[in-house]
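**Q** One structure follows; several queries about it will come next.
The values are calculated or read from the model by the stated rules, or taken from the named source; none is laboratory data. As the structure is a computational prediction, the values presented were derived from the model and not from experiment. Please note: Cβ atoms are built from the backbone with ideal geometry, for glycine as well, and neighbour counts cover all protein chains shown.
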Amino acid sequence: MNSEANSSSPPPLSHVAAILAALMFPSLLTFTYFVVLSHRSPGLQQGTYALGKCIQFVFPLFWAVLVLKERLWQKRVRTSGILPGFLFGVVVSVAMLLLYQLVIRPSGFFADATPAIQAKISGLGLYSAWQFIALGIFFAAVHSVLEEYYWRWFVFRQLRRYTPLGIAILISSLGFMAHHVILLASYFGWTSPVTYVFSCGVAIGGAVWAFLYEYSGSLLGPWLSHALIDAAIFTVGYDLAPF
């Protein structure tokens, strides 16, 4: 079990500000490069994305090391969450791929969203299959662990210092979901039920990973689970890509 217990004293305002900033920044970044810059050059989109991601992923280290004075590395790597994380990732990934191949693809469910998806792929400068595959590998292997470090190790863990487990899971999972709402709305529309059904699925995944992190005290299980699901998402994306 994660040994960190929530404090009975109210958090300092600076800590509240840090948590709120961490919850909101990914949505601000996603809105910027998915909506505001959607018709700008690929270079500007890529540069904005890269700069924003650097800020997003450096901030927790800055806060943990320089403000909280925390030790970053555990002496012993905990592996208790690997099996449940793997099983959850496999079940969700297989279900997603089967649903896509057997129901969604034959029904033309993504027909209206496909042009927007293809335009975003081109807007990111992905003009060939190997570029898309390389991006998919990066997201599954690297970006997934960065998101787990950001959302579970930092956001969820900071919330856990001051709130009960259920509240920490709820708030961190809604924050994790929020930027996905913007992403999905850019493909399916703000009024489409699909946007919010898929977003709720993201929140459920975030809740499972937060609970798994609380249970195991390690990011290995959530990371493996997240990586498998990202790989399945990019498999679907490859089928919809314009090459």
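**Q** Given (1) surrounded by 18 or more Cβ atoms within 10 Å (Cβ to Cβ); (2) farther than 20 Å from C54 by Cα; (3) among the aromatic types (F, W, Y); (4) at pLDDT 95 or above, identify the lone condition not met by F132.
**A** (4)
**Q** Let me ask you something else. Please state which one of K53, K69, K120, K75 is at pLDDT 95 or above and not β-branched (V, I, T). Don't jump to the end; show me each part of the working.
**A** Values: K69 fails: at pLDDT 95 or above; K120 fails: at pLDDT 95 or above; K75 fails: at pLDDT 95 or above.
When all the criteria are applied, what remains is K53.
**Q** Can you find, within segment 138-164, the residue that is farthest from T235 (Cα to Cα) among those that are touching a residue at least 60 places away in the same chain (Cβ under 8 Å) and among the aliphatic types (A, V, I, L, M)?
**A** Restricting attention to segment 138-164, the residues satisfying the condition of being touching a residue at least 60 places away in the same chain (Cβ under 8 Å) are 139-141, 143-150, 152-155, 157-164.
From the residues that got through so far, the ones that are among the aliphatic types (A, V, I, L, M) too are 140-141, 145-146, 155, 159.
Working: A140: 11, A141: 14, V145: 19, L146: 20, V155: 29, L159: 34 Å.
Of everything passing the filter in segment 138-164, L159 is farthest from T235 (Cα to Cα).
**Q** Among helices (runs of 4 or more DSSP H) lying entirely in segment 1-119, which contain 3 or more residues that are within 18 Å of I233 (Cβ to Cβ)?
**A** Working: elements: 13-31, 42-62, 82-99.
So the answer is 82-99.
**Q** Restricting to segment 163-195, and then to whatever is at pLDDT 95 or above and over 18 Å from the mean Cα position of the chain (by Cα), can you tell me which residue is surrounded by the most Cβ atoms within 10 Å (Cβ to Cβ)?
**A** T163
**Q** Residues K69, K120: which one is more than 23 Å from P222 (Cα to Cα), among the charged types (D, E, K, R) and either in contact with a strand residue (DSSP E or B) (Cβ under 6 Å, 6 or more places away or on another chain) or without any contact (Cβ under 8 Å) to a residue 24 or more places away in the chain (or both)? It would help to see each step written out before you state the result.
**A** Details: K120 fails: either in contact with a strand residue (DSSP E or B) (Cβ under 6 Å, 6 or more places away or on another chain) or without any contact (Cβ under 8 Å) to a residue 24 or more places away in the chain (or both).
Testing whether each residue is more than 23 Å from P222 (Cα to Cα), among the charged types (D, E, K, R) and either in contact with a strand residue (DSSP E or B) (Cβ under 6 Å, 6 or more places away or on another chain) or without any contact (Cβ under 8 Å) to a residue 24 or more places away in the chain (or both) leaves just K69.
**Q** Suppose we keep only residues that are at pLDDT below 95 and of a type in the set (G, A, S) within segment 86-117. Which one would you say is farthest from G47 (Cα to Cα)?
**A** Checking each candidate, the answer is S107.
**Q** Could you list all residues from segment 32-45 that are touching a residue at least 40 places away in the same chain (Cβ under 8 Å) and crowded, with 17+ Cβ neighbours inside 10 Å?
**A** F34, Q45
**Q** Quick check on my filter: what residues within segment 144-162 are surrounded by fewer than 18 Cβ atoms within 10 Å (Cβ to Cβ) and under 18 Å from P26 (Cα atoms)?
**A** Hits for segment 144-162 are L146, Y149.
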